[in-house]
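Undergrad: One structure follows; several queries about it will come next.
Each reported figure results from applying straightforward, stated rules to the coordinates on display, with no laboratory input. Not measured: the values here are computed from a predicted model. Neighbour counts run over all protein chains shown; Cβ positions are idealised from the backbone, glycine included.
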Amino acid sequence: MATAPVSNIDVNVVPLADVKLARLEDLFDRQCDEWFSLLRWDYTGPSRLIRNVAREGELTGFAASVNGDVVGFAFYVIEGSRCSVGDIYVAEAWRGRGVDRRLTLSILEHIEKVPRVRRVESQCLSIGNDGIDELFVSRGFERFNRQYLMINLDSPSQSSRRPQPVSGKARSLPDVVIRPWSDSDFSRAAQVIHASYVGQHDSKINAQYRTEPGCVELMSILTDTLWCGKFLPEKSKTVIDRSSGNLIGVLIASKIANRAGHIGQISIAPAVQGCGLGRRLIEATLGNFRESGFETTSLAVTKENFRALHLYQSCGFRLVHSFPVFFHGW
Ligand SMILES: CC(C)(COP(=O)(O)OP(=O)(O)OC[C@H]1O[C@@H](n2cnc3c(N)ncnc32)[C@H](O)[C@@H]1OP(=O)(O)O)[C@@H](O)C(=O)NCCC(=O)NCCS
């Protein structure tokens, strides 16, 4: 990879389908290294899947090159009327020079010409991008902030709090049992996730939260694919109301690298939120990860989801990476 010149650069943006995978490999490798060092996430599995699609010439998006070297890529996926920006990534040496903006502009100009697309979401982790905010906003997108948080499990438990009903709400702890995930929990868990996000910012950012079928899709991604790490059913948990036998809470845990755990989803049914169940689920899961020799656990949260953010911080999670997310419907 060439060194960045100090003066103006001549960036050439071309469709990814026209670029041979060999010219992208170095960039994909750099991205995996960066994910691991920043997020403690071994991204080689998902990266391999993306490379396979690129190899077939079917990754829809653009590559940016300077003097023949590929220095950035961005891609998107259209499903029905919804388009998700999958990634916008620029090699570290070429950041701060508008390459991310050029790639994003190419994507948006292209998507805007696809008549069936009624909604665009960009939730990628956006490492090192500093030129896309103004572009998304100027094209009518709304923006929220997401935070990637991590807890170091080597240090002694950082939360010694007892679960308590939220003051002012006077909710008492229901009689519950917390047990490991079972496959039969899938449908009811999707219903609880759907109910828990009604009226939340996250359901604006990710349209899947707005419907039960959308939450089923989301659960499938978490439990059947590598995108959020390798699903760990034995560490994932459900909360069961003893009196009714109903599932009223769920936590989905995965492994994203050797000794690195991740919480991909946590939801408590609205009627029993604020009773301390979310805290119990997190603490039980962190305890399981610790017992199994995991060193870290991470998760992502919308900064404006104050309740969840407060919960995670009070359990000992700390900020590792902030990134903007965007959405626009028309
Ligand atoms: C976020 C969520 C998992 C927390 O679970 P919970 O059982 O409701 O939370 P807990 O009762 O364990 O309370 C955890 C903290 O959040 C705060 N909190 C909980 N409910 C609250 C409410 N209704 N209003 C204000 N604060 C609240 C409490 O103050 C508590 O902190 P404290 O112990 O220092 O007082 C749950 O509310 C939920 O499912 N929300 C919708 C889905 C969601 O946002 N998931 C997380 C995505 S990252």
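Undergrad: Please report the spacing between the Cα centers of region 189-242 and region 35-74 in Å, no decimals.
TA: Each part reduced to its Cα centre gives a spacing of 27 Å.
Undergrad: Regarding the chain, what are the three Cα extents along the principal axes, ordered largest first, in Å?
TA: Principal-axis extents of the chain (Cα, largest first): 66, 44, 36 Å.
Undergrad: From the phi of every residue in region 317-325, what ³J(HN,Hα) in whole Hz does the Karplus formula 6.51 cos²θ - 1.76 cosθ + 1.60 yield, where θ is phi - 60° and glycine or proline is x?
TA: Coupling constants for region 317-325: 6, 10, 5, 10, 7, 10, 8, x, 10 Hz.
Undergrad: Moving on to the next point. Using the crude model of +1 on Lys and Arg Cβ and -1 on Asp and Glu Cβ, and no other charge, please compute the dipole size for the chain relative to its Cα centre, in debye to 20.
TA: Values: 39 positive and 36 negative charges, 222 e Å.
Its charge dipole is roughly 1060 debye.
Undergrad: Something else now. Quickly rank 218-226, 146-154 as a protection proxy: mean count of other C-beta atoms within 10 Å, highest first.
TA: Per-residue mean Cβ counts within 10 Å order the peptides as 146-154, 218-226.
Undergrad: Also: Among all lysine pairs in the chain that are eight or more places apart or on different chains, how many have alpha carbons less than 21 angstrom apart?
TA: So the count works out to 4.
Undergrad: What order do you get for 235-244, 64-73 when each peptide is scored by the mean count of other beta carbon atoms within 10 Å, highest first?
TA: Top of the packing list down: 64-73, 235-244.
Undergrad: Okay, next question. Can you tell me the relative contact order of region 1-102? Whole percent, Cα pairs under 8 Å, sequence separation 6 or more.
TA: Details: 131 pairs, mean separation 29.8, N = 102.
It comes to 29 percent, rounded to a whole number.
Undergrad: A follow-up question, please. Sort region 12-68 into rounded, prolate or oblate with this rule: let a ≥ b ≥ c be the square roots of the eigenvalues of the Cα gyration tensor; rounded if a/c is under 1.5, and if a/c is not under 1.5, prolate when a/b is larger than b/c, oblate otherwise.
TA: On the way: a/c = 2.58, a/b = 1.54, b/c = 1.67.
Judged from the Cα gyration tensor, region 12-68 comes out oblate (a/c at least 1.5, b/c at or above a/b).
Undergrad: If the only charges are +1 at each Lys and Arg Cβ and -1 at each Asp and Glu Cβ, what is the size of the charge dipole of region 148-322 around the Cα centre, to the nearest 20 debye?
TA: So the magnitude is around 500 debye.
Undergrad: Quick one: Karplus J couplings for region 176-183, per residue in order, coefficients 6.51, -1.76, 1.60, θ = phi - 60°, nearest Hz, x for Gly and Pro?
TA: 10, 10, 9, 9, x, 4, 10, 4
Undergrad: Taking θ = phi - 60°, what integer Hz values does the Karplus form 6.51 cos²θ - 1.76 cosθ + 1.60 yield along region 121-131, in sequence order, with x for Gly and Pro?
TA: Whole-Hz 3J(HN,Hα) from phi for region 121-131: 10, 10, 10, 5, 6, 6, 6, x, 7, 10, x.
Undergrad: Sorted by average packing, counted as other Cβ atoms within 10 angstrom per residue and highest first, what order do 93-105, 37-49 take?
TA: Result, highest mean Cβ count within 10 Å first: 93-105, 37-49.
Undergrad: Using amide H atoms built in the peptide plane, which far-off residues or other-chain residues are under 5 Å from GLY249 H to H?
TA: Answer set, sorted by chain and number: VAL239, ALA269.
Undergrad: Using a 10 angstrom cutoff on alpha carbons, build the Gaussian network for the chain and name the most mobile of VAL90, VAL114, VAL14.
TA: Most flexible of the set in this elastic network: VAL114.
Undergrad: Considering every Cα-Cα pair within region 11-140, what fraction, in whole percent, is farther apart than 24 Å?
TA: For region 11-140, the fraction of Cα-Cα distances above 24 Å is 24 percent.
Undergrad: Can you give the helix-only mean residue ellipticity at 222 nm for the chain, where every DSSP H stretch with n ≥ 4 adds -39500 (n - 2.57) and the sum goes over all residues, rounded to the nearest 500 deg cm²/dmol?
TA: Computed ellipticity for the chain at 222 nm equals -9500 deg cm²/dmol.
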